[in-house]
1. Taking the condition buried (at least 18 other Cβ atoms within 10 Å of the Cβ) and either over 30 Å from residue 212 (Cβ atoms) or polar (S, T, N, Q) (or both), does residue 172 pass?
2. Please pick out the residue among 326, 330, 318 that is loosely packed, with under 15 Cβ neighbours inside 10 Å, in the same structural domain as residue 117 (by TED's automatic domain parsing), on the phi > 0 side of the Ramachandran plot and out of contact with any Gly (no Cβ under 7 Å at 6 or more places or on another chain).
3. Identify all residues within segment 194-227 that are surrounded by fewer than 19 Cβ atoms within 10 Å (Cβ to Cβ) and of a type in the set (Lys, Arg); write none if there are none.
4. For residue 276, indicate whether it is β-branched (Val, Ile, Thr) and under 30 Å from residue 102 (Cα atoms).
5. If residue 231 meets every condition in (1) of a type outside the set (S, T, N, Q); (2) crowded, with 16+ Cβ neighbours inside 10 Å; (3) in contact (Cβ under 8 Å) with a residue 12 or more places away in the chain apart from one, which number is that one?
6. Is it fair to say residue 136 is surrounded by 16 or more Cβ atoms within 10 Å (Cβ to Cβ) and assigned to a loop (DSSP other than H, G, I, E, B)?
7. Can you name the number of the only condition in (1) within 30 Å of residue 215 (Cβ to Cβ); (2) over 17 Å from the mean Cα position of the chain (by Cα); (3) among the aliphatic types (A, V, I, L, M) that residue 185 fails?
8. Against the conditions (1) without any contact (Cβ under 8 Å) to a residue 24 or more places away in the chain; (2) in a loop (DSSP other than H, G, I, E, B), where does residue 356 fall short? Just the number, please.
Amino acid sequence: MLLSYQFVPPFCPRPECPMHYEGEHPAKWYRKDGHHETDCFGSVQRYLCKHCGHSFSTQSFSLDYYAKRLVDYEQIFRQLRSTAGIRDLARNLEISRGSVQNRLFRMARWSIAQHCLATETLHINEDLTFDGFEGYTRSKYFPHHLNILIGKQSQFFYAMDFTTLRRKGTMSAAQRLYRNFLDQVCRPDPKGVEKSICRLAEKIASLTLRSIKEKLYLHSDDHQAYPRGLYRNHNLSTLMAEGRVVHLHRKSTKEPGRGNAMFSVNYMDRQLRKDVVNYVRKTVNVAKNVSCLLERLCIYRMHHNFIKPYRENEPKSGTTHGSLAGCDMGWMNNLLARRFVHRPFASLLPLEASEKAIWFRLFKTPLKWGDEYLPKYAEG
């Protein structure tokens, strides 16, 4: 989207510059530096930072920075949350699959930034539940755990982390032989679940420090790696030793109703199976790239927390999962009204370990060698 011609640069977009911060800046820290013509956005004003000598333009602060054509983000957003796949989106919008992936990449960073800002000022007043949601990437030889952290009362989607697992269960002799071959090529980390929970524990610890409750109860099933992962995180283990956090684990059941302590994560499991095309039962839209899957989930998380009604039988009440969790919905609705317009900068965000790994594409895709492609404009 083309930003206003009267746009005033809020800061220097170069992270190394002393003018790269939000807030008041000294007068005349920049000067105008001409224009350049583009086919997509017309005449674009350029600026020059007087402190670092770095030039930038109005488009440097736009979500469409470095884009070569305009695409309707709202159409992608509406279709993505309704089980549309990449090819579906490309056909409906009459653009290439690469263009769809590029716009999802941009939308995911905006969604991560919005979620960070929302939870940074959140003082929770509820207990938390977490569990591992199972799916697979590329093929059933590479199952994975999507460890999700959900509010027990609000069903607010607080955080997620990812780990690839080794295939388990009944297999034929040929399948077992092929799995042994894959183990020699890229065997998943045997302690992947434990390390994933350790990263998730960082978010739990930060939420606990801002919690209104004197004692926060953390519910999970009886997976053996969960306690080890929680105690592996120094900050959370300290809070648990002080009695600020109590971990309650029990045998996992699918008992319906709120009497089940795991109701909120079971509810989230159902929502993901229903709304995310890669998790639909017997889907042919298998996720082929871990980073792309997590980016789509970040966009869906934003929809679930702040747009989807808390209960579909009362959609006009205006109650969302975010409002029940305690978010400032006045500020949030103003932000959502301008969604997918401004470019977020990672250097100005309080990213947790899991969010940082998603932003910088640090999660590895099985059988994919080398680092994931990360455009330079995402590193700012």
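1. So residue 172 fails the test.
2. Answer to the selection: 318.
3. Of everything in segment 194-227, those that are surrounded by fewer than 19 Cβ atoms within 10 Å (Cβ to Cβ) and of a type in the set (Lys, Arg) turn out to be 195, 210, 213, 215.
4. Judged against the criteria, residue 276 is a match.
5. (3)
6. No.
7. Residue 185 satisfies all of (1) within 30 Å of residue 215 (Cβ to Cβ); (2) over 17 Å from the mean Cα position of the chain (by Cα); (3) among the aliphatic types (A, V, I, L, M) except (1).
8. So residue 356 meets the others, but not (2).
The values are calculated or read from the model by the stated rules, or taken from the named source; none is laboratory data. Fair warning: this is a prediction, and the values are worked out from it, not measured in the lab. Because the Cβ atoms are built from the backbone with ideal geometry, glycine has one as well, and the counts that use them run over all protein chains shown.
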